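Trainee: Pasting a structure below so you can have a look.
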Amino acid sequence: MNLEEIKNRAKEEIEKIVDLKQADDFFKKYLGKKGEIAKVFDSLKDLAIEEKKSIGQQANTLKKEIEEFFNTKNEEIKNAKNQTNPNHTAEKIDITRPGQKIQRGHLHPLTLVMNEACSIFQTMGFEIAQGPELETEWYNFDALNVPKDHPARDMQDTFWLRQNVSEIKNQKSKIKDNEDGFYKSNRLLMRTQTSPVQIRYMESHQPPLRIIAPGRVFRNEATDAKHGAQFYQLEGLMVDKEVAASNFKAIIEDFLKRFFKTNVEMRLRPGFFPFTEPSFEIDVKRPDGKWMEIMGAGMVHPNVFRSAGLNASVKPGLGWQGFAFGVGIDRLAIVKYKITDIRLLYQNDLRFLNQF
Ligand code: PHE
């Protein structure tokens, strides 16, 4: 019985094995009940005691070595199989079959427009600022020079929060409204415009500054094709020692040209906002030839600077000057994409949305 010979043979055979079936046969041949190793152990009984001991030990070592051959090979075959087919099945891939198209998601048209508008202003040095959608009456109206009796504050236009008087009184306040007996400016509302971000930003940043403030605004109004109770604005503010209406016009013209990618016709009309003086309204010509108002704007009112704790001047060089604007993002979207009804932007109808 040549143990060395058995080992060499086993080694040669194991190297040629390529699948689990062959490995199984190998196991039976060497390690099985009637295998070669078993035969070696059987033969021990005829040997003298000394030989029995030494050959027995050698046979044990051989058994371990052959087991090791088998285990290593077995692992090898299994791993190779897992790599080509993780599901352990014998399935083959037909690379000539046409593939299944994966449905791709995309951004909402309002997001596209907002992103595009922001990045155009960013190239002109405007930084993005943000403020809360739930605002106080102070930031949304008082600080912006909106008179106490202004219709925009009415129940008609503003979504007010239901609060009890003591709750409002107990908060720190900018101004005390004695007539009403409580701190009215602390009252909470859903912001009706992004203009409060002007005040918030100027409170914590010294000019010169250029910011844009994208965001959602809320109005307690009936909806129609051009108005929604909720829409998006992009506020802009530029403050420096010498800023004129002509700077505003140049920047907006450049913006519109880049946004619409054509020489879109625009016009500036006189308007009125309590927080700008003079104030303008900007219209653009729609593809159907009709004018559409897309933004309000003007030169920042000195009272607005004062609310934010800044020194204001109407004369160049003596204090801060600036322009501000508020673009309706929904309006930009309907002009750009020739949409006839603003409400389509909020109905989540995939037949509509999949066109973008
Ligand atoms: N906040 C105004 C609105 O909502 C727009 C505006 C912004 C006007 C800034 C002037 C300056 O209509």
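The values are calculated or read from the model by the stated rules, or taken from the named source; none is laboratory data. Computed from a predicted structure; not experimentally measured. Here the Cβ positions follow ideal geometry from the backbone for every residue, glycine too, while neighbour counts run over all protein chains shown. Ligands, DNA and RNA are excluded from the accessible area calculation, which covers all protein heavy atoms including side chains. Shrake-Rupley method; radii C 1.70, N 1.55, O 1.52, S 1.80 Å.
Trainee: Keeping the other protein chains in place, figure out the carbon and sulfur percent of the accessible area of the chain, with a 1.4 Å probe.
Mentor: Numbers: 10660 of 21220 Å².
Result for the chain: 50 percent of the exposed heavy-atom area is carbon or sulfur.
Trainee: Choose one of Thr61, Ala23, Pro147: the residue whose Cα lies farthest towards the positive end of the charge dipole of the chain (beta-carbon charges +1 Lys, Arg; -1 Asp, Glu; about the Cα centre).
Mentor: Farthest along the dipole direction, towards plus: Ala23.
Trainee: Please find, in a Gaussian network model of the chain (springs between Cα atoms separated by less than 10 Å), the residue of Lys257, Lys92, Lys33 whose mean-square fluctuation is greatest.
Mentor: Lys33
Trainee: If I take R0 = 51 Å and measure r between the Cβ atoms of Leu268 and Ile95 in this structure, what FRET efficiency does the formula 1/(1 + (r/R0)^6) give, to the nearest 0.05? Show your work: numbers first, answer last.
Mentor: On the way: r = 62 Å, r/R0 = 1.22.
Here the calculated transfer efficiency is 0.25.
Trainee: Farthest toward the dipole's positive end in the stretch 109-353, which of Pro302, Ile128, Phe231, given Cβ charges of +1 (Lys, Arg) and -1 (Asp, Glu) about the Cα centre?
Mentor: About the Cα centre, the residue reaching furthest to the positive side is Ile128.
Trainee: Treating the beta-carbon of each Lys and Arg as +1 and of each Asp and Glu as -1, no other charges, what is the dipole magnitude of the chain about its Cα centre, to the nearest 20 debye?
Mentor: Values: 54 positive and 50 negative charges, 78 e Å.
Roughly 380 debye, rounded to the nearest 20.
Trainee: Another one. Run the quick spin-label model on Val165 and Gln347: label points 7 Å from Cα toward the beta carbon, then report their separation in nm to one decimal.
Mentor: Once both label points are built, they end up 4.6 nm from each other.
Trainee: Let me ask something else about it. Hey, what angle do you get for helix 109-123 against the long axis of the chain, alpha-carbon based, 0 to 90 degrees rounded to 10?
Mentor: 80 degrees
Trainee: Also, quick follow-up: Is there a quick way to get the dipole size of the stretch 3-84? I mean about its Cα centre, with the Cβ of Lys and Arg at +1 and of Asp and Glu at -1; what is the value in debye to the nearest 20? Show your work: numbers first, answer last.
Mentor: On the way: 18 positive and 18 negative charges, 60 e Å.
For this selection, approximately 280 debye.
Trainee: Continuing with this model, one more query. Given a 1.4 Å probe, how much area per residue of the stretch 3-84 is accessible, in Å²? Walk me through the numbers before you get to the answer.
Mentor: On the way: 5840 Å² over 82 residues.
Here the per-residue accessible area is 71 Å².
Trainee: Among Asn74, Asn140, Asn115, whose mean-square fluctuation peaks in a Gaussian network model of the chain (Cα, cutoff 10 Å)?
Mentor: Largest GNM mean-square fluctuation: Asn74.
Trainee: Right, next: I'd like the FRET efficiency for Lys257 and Thr340, computed as 1/(1 + (r/R0)^6) with the beta carbon distance as r and R0 of 30 Å, rounded to 0.05. Don't skip to the end; give the middle numbers.
Mentor: Working: r = 24 Å, r/R0 = 0.81.
Efficiency, rounded to the nearest 0.05: 0.80.
Trainee: Projected onto the charge dipole of the stretch 11-166 (+1 at Lys/Arg Cβ, -1 at Asp/Glu Cβ, origin at the Cα centre), which of Ile77, Asn164, His108 gives the Cα projection farthest towards the positive end?
Mentor: In the stretch 11-166, that residue is Ile77.
Trainee: Based on the mean of other beta carbon atoms within 10 Å per residue, what is the order of 157-166, 322-331, most packed first? Walk me through the numbers on the way to the answer.
Mentor: On the way: 157-166: 11.9, 322-331: 24.5.
Sorting 157-166, 322-331 by mean packing, highest first, produces 322-331, 157-166.
Trainee: Continuing with this model, one more query. Please calculate how many Å² of accessible area the stretch 109-353 carries per residue, with a 1.4 Å probe and no DNA, RNA or ligand atoms counted.
Mentor: Numbers: 11970 Å² over 245 residues.
Heavy-atom accessible area per residue stands at 49 Å².
Trainee: While we're here: Stretch Glu4-Glu76 to full length: gain in nm at 0.36 nm per residue minus the Cα-Cα span?
Mentor: Details: separation 72, 0.36 × 72 = 25.92 nm, distance 2.51 nm.
That works out to 23.4 nm of additional length.
Trainee: Mind checking which of Ala244, Ala308, Ala23 has the largest fluctuation in a GNM of the chain, springs on alpha carbons under 10 Å?
Mentor: Residue with maximal mean-square fluctuation among Ala244, Ala308, Ala23: Ala23.
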